[in-house]
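*Asks:* Pasting in a structure now, in structure tokens, and then I'll have a few things to ask.
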Amino acid sequence: MQPDLHQKQQQQGIDVAVLVSIGRHPTTGRARRAEQDARGLELALAMEAELPGTRISMLHAGSQDDSSEAALRGYLGMATGVGMGLESMTLLEQPEGSDAIPALAKHLAATSPQLVITGARAERGEGSGLLPYALAEHLGWPLVNSLASVEKVENGVVTLLQALPRGQRRRLKVRLPAIISVDEAAPAARQSAFGPARRATFEITPTSPEADSELAQWHLAPARKRPKRLKIVKAASARDRFKAAASKSEGKGGQVLTDVTPEQGAEAIYKLLKEEDVLR
Amino acid sequence: MSEIIRRDPRREWIARNRLHPDHASVLAALGVNRGGAAVSEWLGPHGVVRKNPHAIGFIGPNDVKRIDRSGFQQGGQSAATTPVAQDSRRTVTIDQPAFLVAVVPDLTGGRLSAHDKDLLGLARRVADADADQPGAVVAILFGEHKGEGDGELKEQALGDAGIDRVVHLNDEFYAGFAPEARLAALSAVEREMMPRFWLLPDSPLGGADLGRRLALRLGERAATGVWQVEADNEASLGWRCTARGGAGSLDIQRPLPRVALALAECAEPVDETRHAAEQLTLAASIPTTLSRIEDLGQVAVDPAGVALAEAEFILSGGNGVKEWGAFHHAAKVLGATEGASRVAVDDGFMARDRQVGATGTWVTARVYMAVGISGAIQHLQGIQRCDKVVAINLDPGCDIIKRADLAVIGDSTQILAALVTMVEQQRGGQRDAA
């Protein structure tokens, strides 16, 4: 009886809050659903499919106008089934140029979800990627970045796969509640369906906005192309300068093994591979 | 040793006078004449170096005397004493720094990456801005540092990159994904040394993660994606930076905060000076925190599923590979991603998406193993960002041998088979021991 009940509690799933922002199309500059946040929502939907009873709530802090609403509806159209929890989205209303962190931290502390999923960085504005870290510091929760997938949730501990550079993965165990941030390594987001997106509603919650005064003082300009690094030749003599300009670069001259048995050659290669730590 | 050159005019006069009875002994004492041949270079009476061209050079083909002043070629008679190429870099020691600039390099694979070196160049610029009151660059290293070589050479590599002080934390609880332990260590450094700036590389899963955590811990609004730093008297810390924002679509100009995360190529790496890289230890012990994140280690990934452009270890086959079955087996045993040269792809032995080179994929592997590839220029272009290149080839004169860090001349099939046996033996032995 007792274990059965326990099983049931496990099966109930957890509360997941997905933080979404308004993206910017890289070529046209139009508002759209942000790439990384959509991947975060995709991850949450995958969790819901794995773990029945998971409740997803979406959260956005910003102003409400036509273009932003269209962008936010892009997220709402991602779940087509009834009762998937995407019939509405909480919108913490605050004017453009306000700091989103206090409003989000306050709301998350009040609703206390067990898992918060965000994109790694915003596509417009400062886009520094500091928000998940700021929330983790405010709430005192652990944070894991660059997530690839959620493997399982049990007894308040979530097992995750973190994406490492060069396609590698690392398995982590994190105590809930936690914040996880998602970037390009997570599975790509599904398409948004128009009908459910139209039917979904916004729950508008007014906040006491705090203006981001520091950002207002900075000078923002469209990105310039970064200058290409020049090959600087520091040569003492004319001969060296000429050589650097004319000759094609030769390698540092590595070790060449001639007239060795295959075993000796293999041993030298094996030693190098061990040294570089690529053999697992 | 004193820098002043002491001259003995009488001895120099004897050295010039070939008929003087003490001529030979004085020459030997002056140390000019090493090879036993005639003296070719001496200091003249006014401190000018005089040369005797008749004493140097060698007889080339057609009995013509040749003098090669580059010092590379040397004929039968040894040419004049060539001074050993001296290190022209200044040695800089900063004993009483006015302030500290803390840098936390990634130390990927135990070495300073190019990104780390750029960042250290930036740190040097910030530290050396005022020549009267130079600051010192403190590097906080987590994990093992391999360097190029052993012992002193290792320290030298750090000093050459522009590091004045090193705090090396090599405990096992910093290994893997341990942001909380690392953050505790950095907080201890902050309390003890109070650096004026913290600079970290904005690289995924290295400085980008740790730097943002550190910034929030210190209560600073970090500048991220910094790619340019300029002096600015109006800013509170005397510097202004340009940072990438809004997913690379914006340039943000702002005063440089205490914590900055810089992109690659943010500054030129240090190459004119060498620094002390003096070891420091923290006086206070670092409080151990109970981590809520547990690292279960890396997961075995199917190497064939890894994109060629970002694979860490590539085994690449070309025209010289005769037995493709053995090649695939070797890749599987070594755990390497497979690549191919254009010939192998054209001949149908490998898929087109496995082609490495200018027309295929530009790879960034840490170890690239080229089997039976002679190294066409297009192929060499494709592998120019690889760290270590291993070549197995029959022809010792081909171009890949010049590029390779380790080249083995021999039959690729046999060498690969021997390597596979060796790896399997080693693994079998380990399993027995366990």
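*Asks:* Which is facing chain A (nearest Cβ under 8 Å) and within 24 Å of B:L107 (Cβ to Cβ), of B:G211, B:G225?
*Replies:* B:G225
*Asks:* Looking at B:D399, B:D411 in this structure, which one is at pLDDT below 90, at the interface with another protein chain (Cβ under 10 Å from one of its Cβ atoms), surrounded by 15 or more Cβ atoms within 10 Å (Cβ to Cβ) and more than 20 Å from B:P303 (Cβ to Cβ)?
*Replies:* The conditions single out B:D399.
*Asks:* A further question follows. Considering only region A:35-64, how many residues are among the polar types (S, T, N, Q) and over 20 Å from A:S21 (Cβ atoms)? Step through it out loud before you land on a result.
*Replies:* Initially, region A:35-64 is screened for residues among the polar types (S, T, N, Q), giving A:36, A:54, A:57, A:63-64.
Imposing the further condition that a residue be over 20 Å from A:S21 (Cβ atoms) reduces the set to A:54.
Here the count works out to 1.
*Asks:* Filter region B:351-366 down to residues that are open to solvent by less than 20 Å² (accessible area, probe 1.4 Å) and hydrophobic (A, V, I, L, M, F, W, C) and give me whichever is farthest from the chain's Cα centre (by Cα).
*Replies:* Top of the filtered list is B:V356.
*Asks:* Residues to consider are A:R39, A:R73, A:R32; find the one that is open to solvent by 40 Å² or more (accessible area, probe 1.4 Å), in contact (Cβ under 8 Å) with a residue 24 or more places away in the chain and within 21 Å of the chain's Cα centre (by Cα).
*Replies:* None of the other options fit; the residue is A:R32.
*Asks:* Something else about it: Given the options A:R280, A:R224, A:R239, name the one that is more than 30 Å from A:S57 (Cβ to Cβ), open to solvent by 70 Å² or more (accessible area, probe 1.4 Å), touching a Ser or Thr at 6+ places or on another chain (Cβ under 8 Å) and facing chain B (nearest Cβ under 7 Å).
*Replies:* That would be A:R239, the only listed residue that is more than 30 Å from A:S57 (Cβ to Cβ), open to solvent by 70 Å² or more (accessible area, probe 1.4 Å), touching a Ser or Thr at 6+ places or on another chain (Cβ under 8 Å) and facing chain B (nearest Cβ under 7 Å).
*Asks:* As an exercise: evaluate B:I373 against (1) of a type in the set (A, V, I, L, M, F, W, C); (2) open to solvent by 10 Å² or more (accessible area, probe 1.4 Å); (3) more than 10 Å from every other protein chain (Cβ to nearest Cβ) and give the number of the one condition it does not meet.
*Replies:* (2)
*Asks:* Give, as residue ranges, the helices (runs of 4 or more DSSP H) completely inside region B:104-199 that count at least 2 residues that are away from every other protein chain (no Cβ under 14 Å) and surrounded by fewer than 21 Cβ atoms within 10 Å (Cβ to Cβ). Write out each step before concluding.
*Replies:* Values: elements: B:114-127, B:152-160, B:179-193.
Qualifying helices (runs of 4 or more DSSP H): B:152-160, B:179-193.
*Asks:* Could we say that B:D399 is among the acidic types (D, E), closer than 19 Å to B:E312 by Cα and touching a helix residue (DSSP H, G or I) at 6+ places or on another chain (Cβ under 8 Å) here?
*Replies:* Judged against the criteria, B:D399 is not a match.
*Asks:* Name every residue in region B:387-396 that is within 9 Å of chain A (Cβ to nearest Cβ) and in a loop (DSSP other than H, G, I, E, B), in order of residue number.
*Replies:* B:D387, B:P396, listed by residue number.
*Asks:* If you don't mind, another one. Tell me the residue from B:E278, B:E310, B:E294, B:E268 that is over 30 Å from B:D353 (Cα atoms), at the interface with another protein chain (Cβ under 10 Å from one of its Cβ atoms), within 23 Å of the chain's Cα centre (by Cα) and not aromatic (F, W, Y), please.
*Replies:* Working: B:E278 fails: at the interface with another protein chain (Cβ under 10 Å from one of its Cβ atoms); B:E310 fails: over 30 Å from B:D353 (Cα atoms); B:E294 fails: within 23 Å of the chain's Cα centre (by Cα).
It is B:E268.
*Asks:* So, in region A:106-128, how many residues would count as being under 13 Å from A:L19 (Cβ atoms) and facing chain B (nearest Cβ under 9 Å)?
*Replies:* Summing the residues that are under 13 Å from A:L19 (Cβ atoms) and facing chain B (nearest Cβ under 9 Å) in region A:106-128 gives 3.
*Asks:* Let me ask something else about it. Just the residues that are assigned to a helix (DSSP H, G or I), open to solvent by 70 Å² or more (accessible area, probe 1.4 Å) and touching a Lys or Arg at 6+ places or on another chain (Cβ under 8 Å), please, taken from region A:159-199.
*Replies:* If the condition is that a residue be assigned to a helix (DSSP H, G or I), open to solvent by 70 Å² or more (accessible area, probe 1.4 Å) and touching a Lys or Arg at 6+ places or on another chain (Cβ under 8 Å), then A:R198 is the only one that fits.
The values are calculated or read from the model by the stated rules, or taken from the named source; none is laboratory data. Just so you know, these numbers come straight off a predicted model, no measurement behind them. Positions of Cβ are generated from backbone atoms using ideal geometry, with glycine treated the same way; all protein chains shown enter the neighbour counts. Just so you know, the surface numbers come from the protein's heavy atoms only, side chains and all, with ligands and any DNA or RNA stripped out. Shrake-Rupley method; radii C 1.70, N 1.55, O 1.52, S 1.80 Å.
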